[in-house]
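Shown next, in structure tokens, is the structure this report addresses.
Every number here is computed from the coordinates shown, using simple stated rules; none is lab data. Nothing here was measured: the structure is a model prediction, and the numbers come from that model. Glycine also receives a Cβ, built like all others from the backbone with ideal geometry; neighbour counts cover every protein chain displayed.
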Amino acid sequence: MQEVIKEYLEQAKVGRKQVYKNMAVFPLLSDYSLSLEYILLDEALGSGAPLEARFVALADKLNNIRAIASDYKEKGEGLWKRFKRGKEDQKWYYEGLVKALRNASSNEPYRAMHSQFRRQVKKVFGT
């Protein structure tokens, strides 16, 4: 991977500055082509994924939904304006994560964390 990044950066050109509010970004432009394969999150976290990988993903998503729940208390329905795709798409995404991160494992700490995640999603989206 380090070699791929090195090759990309060696041939990349810095694009014209893009400004939005108080932020400026200089895009890296490139014709460098990769034929990388990728899989979706639910495929990656399927039943064959190591428990450690599922723990990390679940902890990250639990932290995210807790932040959303906290902001929702403060901002109410106006919170969803912050998201490019709105409340219904966020609901669909998080409900999908609840299913994708479900684990038939008997690992009690994982099951407890997943239960917290599922409850937070239900609290935020009322599902």
(message) Between Ser30, Ser105, Ser115, where does the largest GNM mean-square fluctuation fall for the chain, given springs only between Cα atoms within less than 10 Å?
(response) Ser30
(request) Report, ordered by chain and residue number, the lysines lying within cross-link reach of Lys6, taken as a straight Cα distance under 25 Å and ignoring same-chain residues fewer than 8 apart. (result) Lys17
(message) Can you compute the modelled spin-label distance between Val4 and Lys21, with each label point 7 Å from Cα toward Cβ, in nm?
(response) 3.3 nm
(request) Could you work out how far apart the two model spin labels at Val14 and Glu88 are, taking each label as a point 7 Å from the Cα in the direction of the beta carbon, and quote it in nm? (result) 4.4 nm
(message) If the elastic network links every pair of Cα atoms under 10 Å, which of Tyr94, Tyr110, Tyr32 fluctuates the most in the Gaussian network model of the chain?
(response) Tyr32
(request) Using a Förster distance of 41 angstrom, determine the FRET efficiency expected from the C-beta separation of Ser30 and Ser106, and round it to 0.05. (result) 0.30
(request) Pick out which of Ala53, Ala24, Ala69 has the largest mean-square fluctuation in a Gaussian network model of the chain, springs linking Cα atoms closer than 10 Å. (result) Ala24
(request) Along Cα→Cβ, 7 Å out, is where each label goes; now give me the distance between the ones at Lys123 and Leu51 in nm to one decimal. (result) 2.6 nm
(message) Can you give me the orientation-averaged projected area of the convex hull built on the Cα atoms of segment 46-125, in nm²?
(response) 5.1 nm²
